[in-house]
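Colleague: Got a structure for you, written out below as structure tokens; questions coming shortly.
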Amino acid sequence: MKKIIIFIFLLTSSIFAKEELLLDSANTFNIVMQGKSVSNIVQNAKAILIFPSAKKVGFIIGGMFGEGVAVVGSQVMKADISNASLGFQIGYEDSYLVVFIMSDKLLNDIQNSKITLGGDVTATALNATANLGTLNAFSDDIYVFTNKSGVFVGASLGGVVLEIDGSEIYSQSSYGYTNLIEAVEKAK
């Protein structure tokens, strides 16, 4: 009987955690984009990836991981970001990330989990950040907005993987779905 109760508890908590991710993503989008005039970017984006928490840890060898959502057209899907790096780095950093994908080619690469190599030079102390790197650079194909906290210093070489899970599409009746879509529409 205990095993059945534990199974039911774990199943229901994972369902609520999945749907809570939508509400966290809506809040992240509002916080990161607050005060920014990005209506042209939002209107022309092929996809918007939102990560409420991308945690980065490093001591010579580093890594980052975050779960979020991808808004592609009228669909909302699960998304992940991960990174492995090697170099002079030490610390812990937690970031809100909002990534705008501007080209169909880049969107297809992300859906196929292609790795982008890049260098990164970061200094983060609490909420103040100085950064030169792959994930914060603006280009014609990708725009990334972040809000970071933690203490992290480093220069590293590594690969970033952005992944959209097309098999996990959120229903419009999911808790937080409306909040997320309204936040994106408001930015237009």
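Colleague: Restricting attention to region 72-108, which residues are open to solvent by 40 Å² or more (accessible area, probe 1.4 Å) and basic (K, R)?
Modeller: K105
For every residue, the table says whether it meets (1) farther than 15 Å from A54 by Cβ; (2) under 18 Å from the mean Cα position of the chain (by Cα); (3) modelled with pLDDT under 70; (4) hydroxyl-bearing (S, T, Y).
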{"site": "M77", "(1), (2), (3), (4)": "yes, yes, no, no"}
{"site": "Q89", "(1), (2), (3), (4)": "yes, no, no, no"}
{"site": "Y96", "(1), (2), (3), (4)": "no, yes, no, yes"}
{"site": "F100", "(1), (2), (3), (4)": "yes, yes, no, no"}
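Colleague: Related question: Can you tell me which residue within region 29-41, out of those that are among the polar types (S, T, N, Q) and surrounded by 11 or more Cβ atoms within 10 Å (Cβ to Cβ), is nearest to the chain's Cα centre (by Cα)?
Modeller: Filtering first and then ranking leaves N30.
Colleague: Still on this structure, I have one more. Among (1) touching a helix residue (DSSP H, G or I) at 6+ places or on another chain (Cβ under 8 Å); (2) of a type outside the set (A, V, I, L, M); (3) more than 24 Å from A183 (Cβ to Cβ), where does Y96 come up short?
Modeller: Failed condition: (3).
Colleague: Cβ contacts < 9 Å: first residue over 12 Å from V69 (Cα atoms), restricted to region 174-185; second residue charged (D, E, K, R), any location; separation 6+ or different chain. Result?
Modeller: S174/K18; S174/E19; Y175/E19; Y175/E20
Colleague: Next up: May I ask you to say which residue of D120, D140 is buried (at least 19 other Cβ atoms within 10 Å of the Cβ) and modelled with pLDDT under 85? Show your work before the answer.
Modeller: Working: D140 fails: buried (at least 19 other Cβ atoms within 10 Å of the Cβ).
Only one candidate qualifies: D120.
Colleague: Follow-up. For region 42-71, name all the residues that are open to solvent by 30 Å² or more (accessible area, probe 1.4 Å) and over 15 Å from the mean Cα position of the chain (by Cα).
Modeller: Result: Q43, N44, K46, V57, F59, I60, I61.
Colleague: Go through region 143-174 and give me each residue that's modelled with pLDDT under 80 and either closer than 28 Å to N40 by Cα or among the hydroxyl-bearing types (S, T, Y) (or both). Outline the logic, then answer.
Modeller: Quick first cut of region 143-174, residues modelled with pLDDT under 80 only: 148-160.
If the condition is that a residue be modelled with pLDDT under 80 and either closer than 28 Å to N40 by Cα or among the hydroxyl-bearing types (S, T, Y) (or both), then K148, S149, S156, V160 are the ones that fit.
The values are calculated or read from the model by the stated rules, or taken from the named source; none is laboratory data. This one's a predicted model, so the numbers in the text were calculated from it and none came from an experiment. Here Cβ is always computed from backbone atoms with ideal geometry, including for glycine, and neighbour counts include all displayed protein chains. When the accessible area is computed, the model is the full protein with side chains, heavy atoms only, and any ligands, DNA or RNA have been set aside. Shrake-Rupley method; radii C 1.70, N 1.55, O 1.52, S 1.80 Å.
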